[in-house]
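Working notes, beginning with the structure itself.
The values are calculated or read from the model by the stated rules, or taken from the named source; none is laboratory data. The structure displayed is predicted, hence computed values, not measured ones. When we count neighbours, we look across all protein chains shown, and the Cβ atoms used for this are built from the backbone with ideal geometry, even at glycine.
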Amino acid sequence: MKSSGRRLALRQMLLFTMGGSVLLNSCKSAKNSGVVSGKPLQSRHVPAGTISPAADGIVAGAPKIRSEFTNGQFCCQEVTVQPKFAGPPPHLHKELDEIMYVIEGTAQVMVGDTVTEVRAGDYHLRPHGIVHTFWNSEDVPVRFIDMYLNQDFISYFEEFARTGNNLKSKGLGINSSEGEKIINDLNQKFGVEIFFDQYPPLLQKYGLKT
C-alpha cells in the first residue's frame, strides 16, 4: 500500500506542476514580469491571462505574484481543480502557512481531521505543521488563489517541474531511484512531509480521480 501510494502521490504532484486535471491554471500567454533585486519594492502589474514565470523561463502552473517581487514576504498562484478530481497528496509544511481564496466553485479542504467546504468568496487558512490537502467533489471546476506566507513555495513547484523534465531527458521517471532521492532532497529543503499511505484511502472515500 505504501509503495503504491507513493507512486500515485508523486505522479499526482508531477501532474500538479506540469498541468493536468489539477491545473495551476495555465494561461494563454506567459509574460515574465522580472525580478526584484533589492529594496525598495517596485509596483507590479500582472494582467489577466498572463503569468510570472521564473527567470529561466520555466513555467509550473500560474504564478502571479512571485516571492522575488516582495523581497520574500509573499507569493501566490492561481489554481483550478476539475470536477471530481483530487488535489495534492496529504502533506504538511514545517514553516509555510497557506491562505486560499476561492474565486469560483467550491473546494473541499482537509486540515487534520476536519473537512471544510470553501465556497466562492471564502478564505481559508491552512497553518503549518498540520496535515492537509484539498480536492473538488463538485460537478463544476473550482478556481482559487493560493497564497504562500513565510516561504517562496512557488519555487518548490518549479523545482519539481525541472526535476520531471531532467529525469524525462534521461529516460527516467519520477519514481526512479534517482527521482526519489531528488524529490526527498527537495521536500527536505522546503520543509514538506508527504503522507503517501493516506492518499489511496482518501481517493476511495471521496470517489476522486487523479
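Observations on the model:
- All of (1) touching a residue at least 12 places away in the same chain (Cβ under 8 Å); (2) in a strand (DSSP E or B); (3) under 23 Å from residue 196 (Cβ atoms) hold for residue 89 with one exception: (2).
- In summary, strands (runs of 3 or more DSSP E) completely within the range 101-205 and bearing 1 or more residues that are closer than 29 Å to residue 49 by Cβ occur at 106-111, 114-119, 123-126, 132-136, 142-149.
- The residue pairs whose first member lies in the range 129-146 and is farther than 17 Å from residue 205 by Cα and in contact (Cβ under 8 Å) with a residue 12 or more places away in the chain, whose second member is polar (S, T, N, Q) and assigned to a loop (DSSP other than H, G, I, E, B), and whose beta carbons are closer than 8 Å, counting only pairs six or more residues apart or on different chains, are 141/82; 143/25.
- The number of residues in the range 29-53 being of a type in the set (A, V, I, L, M, F, W, C) and modelled with pLDDT of 95 or more comes to 2.
- With respect to the stated conditions, residue 163 fails to be loosely packed, with under 13 Cβ neighbours inside 10 Å and free of Cβ contacts under 8 Å to residues at least 40 places away in the same chain.
- All of 80, 50 fail the test of being hydroxyl-bearing (Ser, Thr, Tyr), under 25 Å from residue 162 (Cβ atoms) and not in a loop (DSSP other than H, G, I, E, B), apart from 80.
- Residue in the range 167-186 that is within 20 Å of residue 94 (Cβ to Cβ) and of a type in the set (Gly, Ala, Ser) present: no
- All conditions in (1) surrounded by fewer than 17 Cβ atoms within 10 Å (Cβ to Cβ); (2) at pLDDT 95 or above hold for residue 58, with the sole exception of (2).
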